[in-house]
Amino acid sequence: MTLIAPSMLSANFLQLGQEIEMINNSEADWFHLDVMDGQFVPNISYGMPIIATMKKAARKTFDVHLMIVEPERYLQDFKKAGADYLTVHYETGFHLHRTLTSIRNLGMKAGLSINPHTPVNMIQDIIHEIDLLLIMSINPGFGGQQFLPLTYNKIREAKQLIQESGASTLIEIDGGVTLDNASDIIRAGADVLVAGNTVFSSANPAETISKLKQAGK
C-alpha cells in the first residue's frame, strides 16, 4: 500500500492547526517536514520548536527531512521534537554509517536522501542501514517545481538494489508529485509519495490526498 505524506512546507502557516487537523482526519499516512538551513539549500524553513509544537496536535507519523549541513549535530534535538523518521542527505555526510546508526540508536527510523545528480549505486554499501530512501525528484530547496523524468529510472534502480540485497528499505519520492504522475511513480517502485503544492493548493486537500492514495491501488 502506497503511503502519502503531505509536505507541510506548502501548508498555510496562518492556519496551521486547521491544516494539521485536516491531515489527521484524511487518508494521509505521514506528515512530511522539510528542515532547511539556507546553506545546504538556498532556502530557510523551520526547525525544532515548530516541529515540537506541531507534534502536540498531530496524530500521525512525523517524517522529518533534514536539508542541512552537519545534521549529525542535531539528531537528539529532532528526536526530542518528535521525529519518527529522520532523513539526512547523502551529499552532506562524511560519516554516513555513523549518522544512520546514531539515528536508529535514538529510536528513530533512519532515512537517507539523494539529490537528482547522485547515482543510486553510491548507496549500495549502506542500503541495509537505511529504513527510508528519499529520492529527490526536483532540486531541493523550493516547492512547486516540476518532476524530473530521470527519477523513474532511479526508482527502478533503487528497487532492484533493495530487492537484490534483501533490504526492507522504503522508497520515498519528493518533488513534483501530482495526480497526473502519481500512478507512474508508484508503478516504477515508489512506496511513499510526498506531495506539497498538489495537496495544499487544491480546492479540497483531503479529497486530493484520497485520490493520491487511490493511485496506488
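Numerical summary
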quantity	calculated
Radius of gyration and maximum dimension Dmax of the chain, Cα, Å	15.9, 46
Cα-based equivalent ellipsoid, region 1-126: semi-axes from gyration tensor eigenvalues, Å	25, 15, 15
Pairwise centroid distance, computed over Cα atoms, of region 1-45 with region 168-201, Å	14
Taking region 1-136 and dividing mean pair separation by its residue count, relative contact order in percent (alpha carbons under 8 Å, at least six apart)	18
Under Karplus coefficients 6.51, -1.76 and 1.60, residue-wise ³J(HN,Hα) of region 104-117 in Hz, glycine/proline x	5, 5, 7, x, 9, 7, 9, x, 10, 10, 10, 6, x, 8
Under-17-angstrom lysine pairs by C-alpha in the chain, whenever the two are 8 or more apart or on separate chains	11
Per-residue [θ]222 nm for the chain (sum of -39500 (n - 2.57) over DSSP H runs n ≥ 4, rounded to 500)	-9500 deg cm²/dmol
Local net charge near Asn25, Cβ-Cβ under 15 Å (Lys/Arg +1, Asp/Glu -1)	-2
For region 152-217: Kirkwood Rh in Å [reciprocal of mean 1/r, alpha carbons]	12.5
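Here, each number is a calculation from the coordinates, and none is a lab measurement. As the structure is a computational prediction, the values presented were derived from the model and not from experiment. We place every Cβ from the backbone using ideal geometry, glycine too, and count neighbours over all the protein chains shown.
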